[in-house]
Amino acid sequence: RLRKARLRVEKAIKEKKIFAVQGPYPVIRRLLRARGWVERKLPRNGRQPKQQPGDQKKQQLEERASGGGEEQGAAALSPRGEAQPSSGTTEPPLHPRPRDKENKGEREDEDKKEDKEGCSEDSDDIHELMSFLVQDQVPNFLWTIRLSSIDQELLPRIEVVNRYPRLSALCTKEGLCQSLQNLLWFEQVDFNTFFPRCYRLGIMDEQEAFIEDFRLTAARSLLRLALQKVRDWPAGTEQPPESEEVPGWRRSHASLPMPSTAGPRSPLCPELVEEALEVCEQHLGVLGHQDIDRNTPSPCRTCIDWDRFLQEYYRVAQWVLVGTGTGGNDGGAGAEPPASPHSEGIRLALSREQRERCQDLLQRLEEKLPQLGIEGNLNIWILKPSAKSRGRGKAGGSTGHTHPHAGGVPPSLCCPGIVCATRLEEVLELSQSCTVPPARVCEWVVQKYVERPLTIFNTKFDIRQWFLVTDWKPLTVWFYRDCYLRFCSRPFSLCHLEPARHLCNVSIQKRYKTSQPDPRVPPDKIWSNKQFQAHLARLGRANAWQQVIVPGMKAAILNALRCARDQVGSRKGSFELFGADFLIGEDFQPWLLEINSCPTMSPSSAVTRRLCANVQRDTLRLVLDRKDDPSCSIGAFELLYKEAPVSSCLTVGQRLMVRGCSLKMS
């Protein structure tokens, strides 16, 4: 065994096939070993460990290689790229082997060629021995979960690394928000067409812009509320109809405070609707640049008493929501019957002229505002820690009811760090409540919440889409054709702003027991894109995936990369696999939420077990195998964009000189 190990090590050194893996990546390790690569083990802290005397260590390894020691229960990779327990383990697999008929035979010929790629007949002992023999070698390939854990003296000597440095401009919420604001310098594209508007609350100009945006959105929401209730409640109707424009709403189980500002059967103040109309008309003029020569501040800030207007809007939105909470699929035992706003003192009244003006204004605003379609009636915003992922972070704020307009912040949303808010004062207060010293308001960004997402079986979902960057100069991007959907644990409802209904992250949803009245919702809360396409076909929208969703995701990814590339640390020979998260609107338009570096490869379901193994396999094909064989299979990757090389401004041989004479001091 020792002789065999030495021969294989010598061959690996000669062919530059020494690798290192830092992090939970058993698939990468198995695939590289099957290719003849030898692993150099790195310590967890990235420093070179103190080695024992060679003879003693060698003797220990030889004893293990001769048959001593127990089998390790690390996950092995099946010929088709699926992680399974090794033959020596007695533990059952965490997830069953997927039996998706939709994927059967899709890459059958390709998989047959890979029968030997993921299998290695060698025991772990021989690999341990070879790892010891290459401890003094510099790895030629490194796959790590973070660059900071690698010895900074060793890192520059490694030829190929799976990470790029300085990714904050792309992979933090604050950085992505700032980068996309500069998109117009690179492309004639409005980022508001694919990225929900976002503000950094630590920047005073952006905080003021958010306050104005919040007010204008409240005015538009009031007009929609008035129009919707005029349609839903004919004259003399005491109870709203069972069918609502926004499905899945129900009355909160929390006890809501009763406003005392309205007497019995008092109509909604006509002046409030008139003020909202005036604000929207003036905003439309601003969008048409009619204020270009105005010396005074924007009329959207000064035309009305905004503090009073917002308080009235909160009251109306609360009563309308409670009165129209008809339950949908998220109702349960003990749900209270809906209350009529007429019986509680609120009646939405519009004149014919006001109704026509509302319809006309909203139609004209929709032509100017690409995000009008994702707005609802409640003006919900989501507050996020700017540099965290998977819902991590801490959020402050007072506790209160779970109703959006009942005052206070739901305690369930104050942990793990993402907060939904419907009141301006809540957002501004929470942005100042960072408990981590030194307190930096910049740690928070606020983003418009998509109140009208596409749902599946009345359940919210998002899409995790992979893409690979193999070079920044020139920019070279590869798009992965397979992706997966992540479902929430409970039905979508704007009455309940709890994470189980609104945050699709697997790390968050695993804390909640699935409570779905619809048995068609997958119990593991994961779908493949093929399952989603089949669902769209059943809805009669089979072309939405290829004609709307995929092109929209590709364009959003490319635009984000273009405006962040100058801030990213480029390193020749490196690459990185990213995971972009998208939400789909009711019109099937994808909305980019964030971009994650080093996306998780830990399978949480049968679907992710297969797809995560496949994307790792195809990444190695693309960055390693393709160098020696440009025609080799790269699996589900396709070239999304490759920038044309930029020629140098100076031609070879051009002579430059400065002519002049010296000056003498008199």
ask   = Going down the list 17/572; 448/642; 368/448; 4/41, which pairs span over 29 Å between their C-alpha atoms?
value = 448/642
note = In the neighbourhood of residue 582 defined by beta carbon distances under 13 Å, the net charge of the other residues (Lys, Arg +1; Asp, Glu -1) is +1
task = Would you check the accessible area of residue 126, probe 1.4 Å, heavy atoms only, in square angstrom rounded to 10?
result = 10
message = Using each residue's phi in the range 183-189, evaluate 6.51 cos²θ - 1.76 cosθ + 1.60 at θ = phi - 60° and report the 3J(HN,Hα) Karplus result to the nearest Hz, with x for Gly and Pro.
response = 4, 5, 6, 10, 9, 7, 10
remark   = Yeah, the range 434-564 with a ≥ b ≥ c from its alpha-carbon gyration tensor (a/c under 1.5 is rounded, else prolate when a/b outruns b/c, oblate otherwise) is oblate
Computed lengthening from residue 166 to residue 628, 0.36 nm per intervening residue step minus Cα-Cα distance = 163.3 nm
task = List every residue whose amide H lies under 5 Å from the amide H of residue 460, counting only residues 5 or more places away in sequence or on a different chain, with H placed 1.01 Å from N in the peptide plane.
result = 488, 492
ask   = From the phi of every residue in the range 215-227, what ³J(HN,Hα) in whole Hz does the Karplus formula 6.51 cos²θ - 1.76 cosθ + 1.60 yield, where θ is phi - 60° and glycine or proline is x?
value = 5, 5, 5, 4, 5, 5, 5, 5, 5, 5, 4, 5, 5
task = For residue 142, list long-range residues whose amide hydrogen, built 1.01 Å from N in the peptide plane, is under 5 Å from its own amide hydrogen.
result = 20, 160, 161, 162
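Sort the following peptides by mean Cβ neighbour count (other Cβ atoms within 10 Å, averaged over residues), highest first: 562-574, 160-172. Show your work: numbers first, answer last.
Details: 562-574: 17.4, 160-172: 19.9.
Sorting 562-574, 160-172 by mean packing, highest first, produces 160-172, 562-574.
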key: Percent accessible area from carbon and sulfur atoms, the range 173-230, protein chains only, probe 1.4 Å   = 52
request  = For the range 492-505, just list the computed ³J(HN,Hα) in residue order, Karplus coefficients 6.51, -1.76 and 1.60, θ = phi - 60°, integers in Hz, with x standing in for Gly and Pro.
outcome  = 5, 7, 7, 6, 10, 9, 8, x, 4, 9, 10, 10, 8, 4
request  = Report the trypsin sites (Lys or Arg not before Pro) located in the range 515-559 that are in a DSSP loop and have at most 12 other Cβ atoms inside 10 Å of their Cβ, or state none.
outcome  = 520
ask   = With every protein chain left in place, what is the accessible area of residue 608 in Å² (1.4 Å probe, nearest 10)?
value = 0
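Leaving ligands and nucleic acids out of the surface, order 641, 480 by accessible area at 1.4 Å, largest first. Spell out each step's value before the answer.
Details: 641 60, 480 0 Å².
Result, largest first: 641, 480.
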inquiry  = As an exercise, use a Förster radius of 41 Å and the Cβ-Cβ distance of residue 534 and residue 146 to find the FRET efficiency, rounded to the nearest 0.05.
reply    = 0.60
query = Modelled label-to-label distance, residue 203 and residue 665, 7 Å Cα→beta-carbon offset: nm?
reply = 4.8
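The values are calculated or read from the model by the stated rules, or taken from the named source; none is laboratory data. All of these numbers come straight from a predicted model, not from anything done at the bench. With ideal geometry, Cβ positions are generated from the backbone for all residues, glycine too; neighbour counts draw on all protein chains shown. Heavy atoms of the whole protein, side chains included, go into the accessibility calculation; ligands, DNA and RNA do not. Shrake-Rupley method; radii C 1.70, N 1.55, O 1.52, S 1.80 Å.
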